[in-house]
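Read through the structure below, which is laid out as structure tokens, and then see the notes.
The values are calculated or read from the model by the stated rules, or taken from the named source; none is laboratory data. This is a predicted model, so every value here is computed, not measured. Neighbour counts run over all protein chains shown; Cβ positions are idealised from the backbone, glycine included.
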Amino acid sequence: MQERNLVRFLILIGVLLALLGSGDVSARWPTVSAQQLRAWLDAIDPPLILDVRGRADYRAGTIAGALDGGMDPRGYLADGNGGRLVLLLPEGADERVTDAWFARLANAGHRVWILEGGLAAWIEAGGTTEVPEFSYTRPGSVPFLIPRGLCEGGEPSQVFD
Amino acid sequence: MMSFPGLVNYPGIVWKRACHLLQRVSAAREGRPRKGLRRPSAGGNTPAYMVTPLLVAVLFIAPLPAWGGTGYPGDETAPCGDCHPRQQAEFQRSHMAMAARAPAFLEEWRRKGRPDTCFACHAPSRGAGVACTDCHGTAGHPYPRLSLPAVCAPCHDAPGELTLRSFRDSPAARRGEDCLSCHLPGEGFSHDFRGPKRRGFLQGIATLTIAFRREPAGDTALLRIRHRAGHALPGGTTGRAVWLLVEQRDAGGRVVAERQYRFGWLHSSTAGWRENSLPPGVGKVVEVPLHEAAGVIRAKLIYRFRAGGLDRADPDQRVLVDETRPLAFRTVP
């Protein structure tokens with residue numbers, strides 16, 4: 001009888017450990033679903049999205065308006081104004097790294113959520129991505145010029161027609 | 001087969017005439033002078049026996065000839081302000097009402113050889129600007145309720161604009177807002193249209209998030225521009241722009257790096273037009289490498305109405321955001 005109880009206890013411990021180590025971030029950190037995030041982004045005061053998947057992933061496509069926070073929480077210095085923040089983690093993110101990001105951002109005054117399922121879930125939910133652009137055309141450079149007039153008589157509409 | 005397009009307007013004509021008549025009688029009783037109405041003699045109110053036949057004649061008999069007419073009752077040419085003085089006065093203060101008299105428009109119109117096509121939007125009825133019937137139509141009373149944003153589209157979707165296109169796929173549209181939510185707030189059929197030139201209209205319209213990323217390769221400022229407009233910023237035609245000016249100074253106050261970004265339309269003679277305005281909702285991110293000697297970064301967001309570069313004076317320009325951040329983290333060992 002005692003052996004049977006011991007087995008049951010060990011199984012219970014095993015299940016708990018499996019749950020903790022399964023990467024189910026919702027068990028430890030606040031999360032937001034992709035659908036919920038879409039609704040948040042339509043609000044008047046949407047949260048900031050911080051992409052911490054690394055430069056290559058960020059440049060390959062991210063949620064529009066997301067900042068590239070780098071991969072090392074110690075290297076990110078927040079704005080200081082706090083507010084809501086949604087963290088876009090790499091797939092299978094390490095718990096310690098996630099903890100470090102949470103601590104870093106919470107200390108900066110942010111209320112932090114993790115995007116459930118990451119970018120894949122975002123895309124699956126119909127969210128759009130953009131390839132960040134950093135080489136903005138310098139005004140006056142060739143070939144792009146600043147319009148000289150306020151209205152160009154319909155020419156820009158040809159871009160869409 | 002003979003048709004009577006004016007028949008459908010009969011109730012409208014009667015209504016409009018009733019409005020006019022009541023105003024005139026009211027004005028006469030108060031002794032106010034009105035166009036086409038003689039001031040009554042002192043102490044002389046209009047006798048009832050004179051008013052009744054006049055009412056019948058003006059309200060029900062006079063509109064009859066309009067039945068077989070064009071469908072556009074002659075009386076509709078009377079100024080709308082006769083019955084809607086508040087709305088007319090409010091609209092007259094708007095820039096739309098003077099769209100063909102604005103100095104910036106006239107300067108550009110003359111420079112381009114006075115093209116007639118400009119008036120399709122600036123003065124469709126060839127007045128000083130947009131007129132009542134340009135939006136409300138010419139169907140007569142009762143005027144149909146306007147459909148938004150479709151009624152704004154002929155001029156704010158093309159030519160040279162993407163204001164409406166950017167609105168259709170915006171958070172504001174998904175929240176159920178329309179053009180008037182911002183540009184004509186208030187109730188009671190207000191016509192007090194307001195735009196970016198109205199004092200205070202752009203107050204708080206944009207925010208700037210300034211964060212930093214430190215890496216072995218160097219430090220980078222992360223700037224996110226967000227705005228609350230329901231459409232791309234700037235709205236309006238191609239010459240308008242929002243500028244982001246980023247300046248870095250060293251400990252001695254000397255400028256060590258400077259960058260300017262222009263958000264609006266750009267044009268190329270070979271590649272055509274490129275739209276680069278600030279999209280609604282999500283915002284735009286700009287990364288600026290920090291100069292190794294920089295101790296302070298300043299970012300300024302400016303809204304400009306005039307086309308051309310920053311060297312061209314724009315008396316109406318507005319500073320939307322002006323933020324300075326010391327780079328204190330660089331001095332910490």
Exercise for the section: Restrict the check to the stretch B:297-314 and report whether at least one residue is closer than 23 Å to B:Arg228 by Cβ, modelled with pLDDT of 90 or more and among the small types (Gly, Ala, Ser). Expected result: yes
Practice task
Could you check the stretch B:220-333 for strands (runs of 3 or more DSSP E) lying wholly inside it with 2 or more residues that are polar (S, T, N, Q), within 11 Å of chain A (Cβ to nearest Cβ) and in contact with a strand residue (DSSP E or B) (Cβ under 9 Å, 6 or more places away or on another chain)?
Solution key: B:255-268
Problem - In the stretch A:55-81, the residues that are in a loop (DSSP other than H, G, I, E, B) and more than 11 Å from chain B (Cβ to nearest Cβ) - result: A:Gly61
Exercise for the section: Tell me which residues, restricted to the stretch A:82-114, are over 15 Å from the mean Cα position of the chain (by Cα) and aliphatic (A, V, I, L, M). Expected result: A:Ala100, A:Ala103, A:Ala106, A:Ala108
